[in-house]
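*Asks:* Pasting a structure here, questions to come.
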Amino acid sequence: MVGPFVTQPIAPPNAPPQTDGPSEPSAAVRRAGARLSPRAAARLRRWLGRALLVVPTLTIVGVDLAKRHPRLLGFDGRDLLFYGLSVVVGLVLWSSLVAVATRTRGAARWPVRVALVVVALLAVGGQIYTFQRYQAYVNHRAVLVGTSFLPSIGQQLWFDRWTFARALLPCLGLAIAIPAFGARLAPMRSRKRGWLCLDLAIVALLLAAFVSPERGAEQGQPPDVMYVSAMGQLARARWDHNETVERVHPGPRTPEPVPKIVAKPSRRRNVVMVITESVRAHSVCQDYAEDCKWTPFSNEAAKDRIALTQMRALDSTTAISLAVMWSGLLPTEKRALLHSQPLLWEYTHAAGLESAYYTSQNLLFGNSGTWLEGSPWTRHVSATMIEPEATYETGADDGKLVDRALDDMQALAEPYLAVVHLSNTHFPYKIDPDDMPFTPQEEATGPGWENEILNRYQDSIYMQDKALGRFLEGVRKRPDADRTVVVYVSDHGEQMREKGAVGHTGTLYDPEIRIPFWVSAPRGTLTEDEEASLRSLHTTPITHLDVFPTVMDLLGLWDAPEIAQLKARVPGHSLLRGGSPVETSVVMTNCSELWACAFKNWGAIRGTKKLIAHQGDRAWNCFDVAADPKEDKALDPSACGDLLPMVEKTMGGRPF
C-alpha cells in the first residue's frame, strides 16, 4: 500500500510484545552499569579500611555491655566519664596498632601484628575468661596477687583449658583477620603516618598503664584498658617497692612476749587440733551417720564426736583463717597487729607446755613459712620434709603426714598441743586413682563440667578422710588416748560452681565459708558443763572467732591473768562456756591487711543474717541462711539491720 502509511512487519506468534520505549539492557550491561568507577571503588575501600580501625574497640565495648550492662548503668556521672575516656584511650591504641599492621611494606608491621595477637589474647580473651569465672575482670589488685601464684594460675588454666581456649580463639581469629583484611582493602602506604600511629599507640599505652584506675568506679574501665592498667600498676608497684606489694601475703612476725603463765585446765588433757583445707560443711558427715558415704573413715573413728553444724569462717582465704584461729584476732585488724599478736605456740611455750605443728602444706605457698618462722613449737614437720618436691597447691601426701605425726607425737611430754594441718583437698584436689567412689570425675572446672569436678572434689575428701580416719584410730590407741581431745575444723569451704566458680577466695557465700567443726573428747576429759555447752551449740550459728578461745580453754590458759591485756584484743568466746552471743555482729572479708585480695568482697554476719557483696555486684545482698540455705533469694538490705552501716564503716565503703 502506498501513501503516508508505513507498513509494520508482522511479529511472530511467540514474540514478546513490542514497546515504544528503548529496549531493556542485557544482564551483562546491568552488571557493568552496577560497577563503581575506579575512583568510587577506591573511596569505598578507604572507608571500609577506616571502619576496620574501630572494630576492635566497638567489639570490646559491646561484649562488656552484654556482660555487665546493669553494673555500668549504675555508674554515676564521674564514673561514666572515666569509662568513656578509657574507651577513647583504647580506641586510639587499637586503631593505631591496626593501621600499622595493615601495611604491606616495612619491618614494623610484623612486630605490631604479633603485638596485636598477644594483646588480644591477654587483654580481651583472658579478661572474658576471668569474667566467666569470677564475674569480674583482672584488675591491678588481681594481677598483683596473681604474680605470687603463677604456678597455681598456670595449673588452673591447664585444668580448664577448653573453656580458656573457647574464650581465646575468637580473639585470636579477629586479631589475625582484621589486619589481613585491612591490608587488602586499604593498606597504610605512608611511612610517615605509620610512625605517627606508633607514637599515638605509645601515648595511649602509657595513659592506660599509668593513670590510676582508682579515679573511676571499681572495675570502671573496659576490660582491655583495665588489663593494660593492671600491668602498669604492677610495674609501678614493683619499681616503688611500696606497701601494696608487701601486703600481697604475710611477712615475718615479731610477736609480743607472753609472760610466764601456769596452765590450769578443768581436766588434765592434751589437745590435738586437726585443720583441713577447703572442706565445706555439706561435703562431709558432721554428725555420726551409719550410712555416711562422704567421710566414712573419720565417721567410724570418731563416733563420739560433738558436731557444731553451723560454724562459719569469716573469709575464704587460708592465710586469713589461720590467723583468726591461731591468734584470735579479727581479720580486719591492722597488719602490724596481725604480725605482733602471739599465736597458740607462743602461749603454750610461755606455759611450759610442749607443742607441735605438723603440716602437709608447702610453706612456700603464700609465704606461710616466713610468717611462722621462729614459732616456739617443740616438734615440727612440713611438706618438703616429707616430699622434697611437694607442690605449692596440694602439698605433700596427707597419709604420709599423719603417719609421721603419729610417730613423732610419742616424743611430746604431756600435756601438749599438736596441730595437724592437712592440705590435699586444695584445688586441683589430690585423689587416689585406685579408689574413686565418685565418678565420673575430671579436673576441668569450666561450665559443663560441674558434676565431674564435684566428684573429683568428693574423691579428694574421701582420700583425705582415709588418712584422717587412720590418724584418729592411731590417737585412740596411744597410752594417752583417754586424756586427748581432738578438735577438727576446716580453714574455709569451697565453691563448686553454685555461685559461678570453682574454688575459694572469690565470695563469702556459704559454700565458701560454712565449714565442718567437731570435738572428739573421751569420757572424763570434759566437765559436765563443758560437754553440755558444746552439745547445746549443735545448730547455733558460730564463727572461727570462737576457735582460738576454745583451744586456749582446753589447754587451761584462757583465764590466766598474765595474758589479760592480750586477751582483751580477742573478741571470741570459748565454746566450752557458750561461745559468742548469737546477736554478735562480725565483719567478714577476703581483703585483709595480712593478705591482699584479687577481687574485692566483704560483708558481715549476725546469727543467721548475712550481708555480702562482691566487686561485680550492683548492690548489697542480704540473706537469712536459716530460711534460705542456698542463698537464692536476696532480701532487701534493710532486713540485715545494722550490718550495712557497720561493714561500710569498717571496710571503708562498699566493694562495688
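Read the figures in this text as sums done on the coordinates, not as results from a lab. Note that the coordinates shown come from a computational prediction; the quantities given were computed from them, not determined experimentally. Here Cβ is always computed from backbone atoms with ideal geometry, including for glycine, and neighbour counts include all displayed protein chains.
*Asks:* How about K610: which lysines have a C-alpha closer than 18 Å to its C-alpha, ignoring those fewer than 8 places off in the same chain?
*Replies:* The qualifying lysines are K499, K600, K630, K633, K649.
*Asks:* I've got another one for you. I'd like the isolated cysteines in the chain, meaning no second cysteine's beta-carbon lies under 4.7 angstrom from theirs.
*Replies:* Here C171, C197 come out as lacking a disulfide-compatible partner, given the Cβ-Cβ threshold of under 4.7 Å.
*Asks:* Can you put R103, R166, R253 in order, fewest other beta carbons within 10 Å first?
*Replies:* R166, R253, R103
*Asks:* Please report the base-10 log of the normalised intensity I(q)/I(0) for the range 41-246, using a Debye sum with one equal scatterer per alpha carbon and no solvent, at each q in 0.19 (1/Å).
*Replies:* Computed log10 I(q)/I(0) values: -1.40.
*Asks:* List the residue ranges in the chain for DSSP H helices whose C-alpha atoms run 30 angstrom or more along the long axis and whose Kyte-Doolittle average is -0.5 or above.
*Replies:* On the way: long enough: 38-73 (48 Å, 0.30); 77-101 (36 Å, 1.62); 161-185 (35 Å, 1.11); 450-476 (38 Å, -0.81).
Helices passing the filter in the chain: 38-73, 77-101, 161-185.
*Asks:* Okay, next question. To the nearest 20 debye, what is the magnitude of the charge dipole of the range 41-246 about its Cα centre, counting +1 on the Cβ of each Lys and Arg and -1 on the Cβ of each Asp and Glu? Write down the numbers at each step before the final one.
*Replies:* Working: 24 positive and 11 negative charges, 292 e Å.
Using only the charged Cβ atoms, the result is roughly 1400 debye.
*Asks:* May I ask which residue of I542, M651, S585 lies farthest towards the positive end of the charge dipole of the range 500-656, with charges of +1 (Lys, Arg) and -1 (Asp, Glu) on Cβ and the Cα centre as origin?
*Replies:* The Cα lying farthest towards the positive end belongs to M651.
*Asks:* Next question, about the same structure. Among (1) 243; (2) 219; (3) 169, find the value of volume of the Cα convex hull per residue in Å³ that was calculated from the structure presented, and write down its label.
*Replies:* (1)
*Asks:* Percent of Cα-Cα pairs more than 15 Å apart in the range 566-621, please. If you can, show how the numbers build up before the last one.
*Replies:* Values: 952 of 1540 pairs.
Of all Cα-Cα distances in the range 566-621, 62 percent exceed 15 Å.
*Asks:* With each label point set 7 Å from Cα along the Cα-Cβ vector, what nm distance links A180 and R654?
*Replies:* 4.6
*Asks:* While we're looking at this one, here's another question. Taking the beta-carbon count within 10 Å as an exposure proxy, list W326, W47 from fewest neighbours to most. Walk me through the numbers before you get to the answer.
*Replies:* Numbers: W326 24, W47 12.
Arranged by neighbour count, lowest to highest, W326, W47 become W47, W326.
*Asks:* At 222 nm, what value in deg cm²/dmol follows for the chain if DSSP H runs of at least 4 each add -39500 (n - 2.57) and the sum is divided by all its residues, to the nearest 500?
*Replies:* Details: 24 runs with 283 residues, N = 656.
Dividing the helical sum by the residues of the chain leaves -13500 deg cm²/dmol.
*Asks:* Let me ask something else about it. Each label point is 7 Å from the Cα along the Cα-to-Cβ direction; what then is the distance between the points at A40 and R535, in nm?
*Replies:* It works out to 9.5 nm between the two label points.
*Asks:* Rounded to a whole number, what is D in µm²/s for the range 599-656 from Stokes-Einstein with the Kirkwood radius over alpha-carbon pairs (25 °C, 0.890 mPa s)?
*Replies:* Rounded to a whole number, D works out at 218 µm²/s.
*Asks:* How much net charge surrounds H573 when only the other residues with a Cβ under 10 Å from the Cβ of H573 are counted, with Lys and Arg +1 and Asp and Glu -1? Numbers along the way, then the final one.
*Replies:* Details: positive: R577; negative: D546, D553.
Around H573, the surrounding residues sum to -1.
*Asks:* Considering only A66, A413, T276, whose Cα is most displaced toward the positive end of the charge dipole of the chain, charges sitting on Cβ of Lys, Arg (+1) and Asp, Glu (-1)?
*Replies:* So the residue furthest toward the plus end is A66.
*Asks:* Based on the Cβ-Cβ distance of L73 and R161, what FRET efficiency does E = 1/(1 + (r/R0)^6) give at R0 = 35 Å, to the nearest 0.05? Before the final figure, lay out the partial values.
*Replies:* On the way: r = 34 Å, r/R0 = 0.98.
Efficiency computed from Cβ-Cβ geometry: 0.55.
*Asks:* Got a sec? Charge dipole of the chain, +1 on Cβ for Lys and Arg, -1 for Asp and Glu; which of G84, N455, A42 is way out at the positive end?
*Replies:* Farthest towards the positive pole: A42.
*Asks:* Which value, in debye to the nearest 20, gives the size of the charge dipole of the chain about its Cα centre, when Lys and Arg are +1 and Asp and Glu are -1 at the Cβ? Mind dumping the intermediate values first?
*Replies:* Numbers: 70 positive and 69 negative charges, 855 e Å.
Here the size comes out at about 4100 debye.
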